[in-house]
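Asker: Quick one: structure below, then a few questions.
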Amino acid sequence: MQLTVLGSGSSAGTPVVGCQCETCQSKNLRNVRTRCSSYIALNNGKNILIDTSPDLREQALRESLTSVDAVLFTHHHADHCHGIDDLRAFCQINKKQIPIYGNQFVIEQLLQKFKYAMLEPKDFWEIPVLKPIVIEQPFELFGHTITPIPVMHGRGEILGYRIGNLAYITDVSEIPLNSLELLKGLDVLLLDCLRLKPHITHFGFDQSVNMAQQIMAKETYFIHMTHDLEYDSLQNKLPENIYAGYDGLKISINE
């Protein structure tokens, strides 16, 4: 399967509006970061989206993405779900309802925010047609086991996900011991790294590096980065097998 990083940026994106810093003024396209999201193309032709960032339309056009078969939501914050209306395009193209998955709290929040889109198919595709599904345990999706990974985002519990030997963990400030057990033997890990300094609801640089070295995936890629992290400077200071992610990055993973 192949994972494509649709967006590697934090809630403000990079460049930040009005900012004159080195990263925001950089000509390096790897410093252009849309809001955080990725999709996984399975070998059976199915596409699984992780979160719906406010930049989903732009990301889909950039990657020529025309089909989404399911969405895994990590949490309900605006930069991770407010692009949900852009799912209408995939419903229109493929004439099908899209299942969306998350824990009890995130599904409740999405139902409150986007009730108009939580519909059974009625041959009307001008709005998103979505089926909300609460998950608490590993489940099967398109022939693959999806394992939800509970992590802490400040005081709130959200989800990362493991699919085969790939794991995706964004917006994390703590990974409980039980969840660390679910992250053994990874080939690829995508991991939150907000900025150089520590943050109350996210890993900062030192925490991200330490956690990556503790989990020991064969390859770790940092995501959800602010303009505090200039791509080349960050890449040059990272230890072996840890890399700075960027929009459009494609990673192949053995299933």
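The values are calculated or read from the model by the stated rules, or taken from the named source; none is laboratory data. Please read all numbers here as calculations on a predicted model, not as lab measurements. Reconstructed Cβ throughout: ideal geometry from the backbone, glycine too, with neighbour counts over all protein chains shown.
Asker: Could you count how many residues in region 37-96 are under 19 Å from G164 (Cβ atoms) and aliphatic (A, V, I, L, M)?
Answerer: 9
Asker: When you look at L186, is it surrounded by fewer than 23 Cβ atoms within 10 Å (Cβ to Cβ), out of contact with any strand residue (DSSP E or B) (no Cβ under 8 Å at 6 or more places or on another chain) and either closer than 26 Å to Q137 by Cα or modelled with pLDDT of 95 or more (or both), yes or no?
Answerer: Considered against the rule, which asks whether it is surrounded by fewer than 23 Cβ atoms within 10 Å (Cβ to Cβ), out of contact with any strand residue (DSSP E or B) (no Cβ under 8 Å at 6 or more places or on another chain) and either closer than 26 Å to Q137 by Cα or modelled with pLDDT of 95 or more (or both), L186 comes out as no.
Asker: Scan region 107-123 and tell me whether some residue there is touching a helix residue (DSSP H, G or I) at 6+ places or on another chain (Cβ under 7 Å) and assigned to a loop (DSSP other than H, G, I, E, B).
Answerer: Looking for residues that are touching a helix residue (DSSP H, G or I) at 6+ places or on another chain (Cβ under 7 Å) and assigned to a loop (DSSP other than H, G, I, E, B), one finds at least one in region 107-123, hence yes.
Asker: Go through region 65-82 and give me each residue that's among the small types (G, A, S) and under 21 Å from K96 (Cα atoms).
Answerer: S67, A70 - these are the residues of region 65-82 that are among the small types (G, A, S) and under 21 Å from K96 (Cα atoms).
Asker: Further question: For region 105-129, which residues satisfy the criterion of being more than 26 Å from H224 (Cα to Cα) and touching a Pro at 6+ places or on another chain (Cβ under 9 Å)?
Answerer: Correct list: Y116, A117, M118, L119, V129.
Asker: Out of the residues in region 1-15 meeting the condition of being surrounded by 16 or more Cβ atoms within 10 Å (Cβ to Cβ) and hydrophobic (A, V, I, L, M, F, W, C), tell me which one is modelled with the lowest pLDDT.
Answerer: Filtering region 1-15 for residues that are surrounded by 16 or more Cβ atoms within 10 Å (Cβ to Cβ) and hydrophobic (A, V, I, L, M, F, W, C), the one modelled with the lowest pLDDT comes out as M1.
Asker: Further question on the same structure: Just to verify a result, which residue in region 143-179, among those that are touching an Asp or Glu at 6+ places or on another chain (Cβ under 7 Å) and not in a strand (DSSP E or B), is farthest from I223 (Cα to Cα)?
Answerer: Checked region 143-179; the qualifying residue farthest from I223 (Cα to Cα) is G164.
Asker: Same structure again: For the subset of region 183-202 comprising residues that are under 15 Å from the mean Cα position of the chain (by Cα) and not charged (D, E, K, R), which member is farthest from G154 (Cα to Cα)? Quick ask: steps written out before the conclusion?
Answerer: Going residue by residue through region 183-202, those that are under 15 Å from the mean Cα position of the chain (by Cα) are 188-194, 202.
Keeping just the survivors that are not charged (D, E, K, R) gives 188-191, 193-194, 202.
Details: V188: 25, L189: 21, L190: 19, L191: 16, C193: 14, L194: 13, H202: 7 Å.
Out of the qualifying residues, it is V188.
Each row is one residue, and each column tells you yes or no for (1) of a type in the set (D, E); (2) touching a residue at least 40 places away in the same chain (Cβ under 8 Å); (3) closer than 13 Å to T74 by Cβ.
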{"residue": "Q137", "(1), (2), (3)": "no, no, no"}
{"residue": "H144", "(1), (2), (3)": "no, yes, no"}
{"residue": "L166", "(1), (2), (3)": "no, yes, no"}
{"residue": "T170", "(1), (2), (3)": "no, yes, yes"}
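Asker: Let me ask you something else. In the list V129, V106, which residue meets the criterion of being modelled with pLDDT of 95 or more, under 27 Å from S11 (Cβ atoms) and surrounded by 23 or more Cβ atoms within 10 Å (Cβ to Cβ)?
Answerer: Being modelled with pLDDT of 95 or more, under 27 Å from S11 (Cβ atoms) and surrounded by 23 or more Cβ atoms within 10 Å (Cβ to Cβ) holds for just one of V129, V106, which is V106.
Asker: Now, a different point. Among the residues of region 189-243, which ones are assigned to a strand (DSSP E or B) and either of a type outside the set (D, E, K, R) or crowded, with 20+ Cβ neighbours inside 10 Å (or both)?
Answerer: As a first pass, look at region 189-243 and keep what is assigned to a strand (DSSP E or B): 189-192, 219-223, 225, 242-243.
Residues satisfying the conditions are L189, L190, L191, D192, T220, Y221, F222, I223, M225, I242, Y243.
Asker: Moving on to the next point. Being touching a residue at least 60 places away in the same chain (Cβ under 8 Å) and basic (K, R) is the filter here; which residues of region 48-67 pass it?
Answerer: Hit for region 48-67 is R62, nothing else.
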